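Asker: One structure, pasted below without further comment.
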């Protein structure tokens with residue numbers, strides 16, 4: 001009886017040790033959130049670093065980061081990217097998850113980065129012409145700051161409206177009463193954007 005009990009004990013101890021070993025070995029593939037177990041299917045993902053206008057940052061070496069994600073994943077967490085894999089001198093704009101573009105091989109995720117210590121642009125310079133309804137007053141060309149970033153390369157039909165530039169306009173031109181319904185298409189010029197539609201204004205008083 002004592003021999004049987006001893007064999008049973010050793011068998012049980014061996015199974016427990018094996019289970020403990022498996023649990024200790026469980027984890028993720030380094031640098032990913034993919035579990036390191038054979039049953040899980042992973043796919044390649046290419047992270048492309050871009051600026052705030054989605055222009056590529058870096059080169060073919062430091063401008064991309066190759067990793068893996070779970071098959072069927074829809075979004076990617078930038079916090080999984082090792083700091084040393086970011087383009088030199090850059091940091092993440094945000095740690096929010098980004099969409100995965102699945103209709104490419106490998107799949108792609110665009111991760112925005114910015115120069116270390118810099119703030120992402122949130123404003124654009126706009127040039128516009130003021131056309132006075134008051135007789136005898138010549139048109140006035142002014143430079144104002146819009147409280148948004150325009151990207152005519154991605155959206156050539158993007159428009160600017162009065163609310164976008166009113167703070168800057170009224171600060172520069174305190175003598176006018178502008179048309180608050182004004183809006184205009186834009187074109188790219190040196191130093192910023194040009195409004196293609198003039199703004200009708202009247203002199204105060």
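The values are calculated or read from the model by the stated rules, or taken from the named source; none is laboratory data. Computed from a predicted model, the values in this text were never measured in an experiment. Backbone-built Cβ (ideal geometry, glycine too); neighbour counts: all protein chains shown.
Asker: In this structure, does residue 151 turn out to be out of contact with any strand residue (DSSP E or B) (no Cβ under 6 Å at 6 or more places or on another chain), closer than 30 Å to residue 51 by Cα and in a helix (DSSP H, G or I)?
Answerer: No; evaluated as a whole, the condition is false for this residue.
Asker: Which is outside any strand (DSSP E or B) and under 25 Å from the mean Cα position of the chain (by Cα), of 167, 163?
Answerer: 163
Asker: Anything in the stretch 69-79 that is surrounded by fewer than 16 Cβ atoms within 10 Å (Cβ to Cβ), over 26 Å from residue 154 (Cα atoms) and touching a residue at least 12 places away in the same chain (Cβ under 8 Å)? List them, or say none.
Answerer: Correct list: 70, 71, 79.
Asker: Return the only residue of 135, 200, 191, 205 being over 30 Å from residue 77 (Cα atoms) and surrounded by 13 or more Cβ atoms within 10 Å (Cβ to Cβ).
Answerer: 200
Asker: Residue 181 fails exactly one of the following numbered conditions: (1) at pLDDT 95 or above; (2) touching a strand residue (DSSP E or B) at 6+ places or on another chain (Cβ under 6 Å). What is the number of that condition?
Answerer: (2)
Asker: Regarding the stretch 92-101, can at least one residue be identified that is touching a residue at least 60 places away in the same chain (Cβ under 8 Å) and either buried (at least 16 other Cβ atoms within 10 Å of the Cβ) or not assigned by TED's automatic domain parsing to the domain that holds residue 78 (or both)?
Answerer: No, there is no match, as no residue in the stretch 92-101 is touching a residue at least 60 places away in the same chain (Cβ under 8 Å) and either buried (at least 16 other Cβ atoms within 10 Å of the Cβ) or not assigned by TED's automatic domain parsing to the domain that holds residue 78 (or both).
Asker: Return the total of residues in the stretch 38-68 being free of Cβ contacts under 8 Å to residues at least 60 places away in the same chain and assigned to a loop (DSSP other than H, G, I, E, B).
Answerer: Total meeting the criteria: 12.
Asker: Would a scan of the stretch 106-127 turn up a residue that is buried (at least 18 other Cβ atoms within 10 Å of the Cβ), closer than 30 Å to residue 200 by Cβ and modelled with pLDDT of 95 or more?
Answerer: Yes, the stretch 106-127 contains at least one residue that is buried (at least 18 other Cβ atoms within 10 Å of the Cβ), closer than 30 Å to residue 200 by Cβ and modelled with pLDDT of 95 or more.
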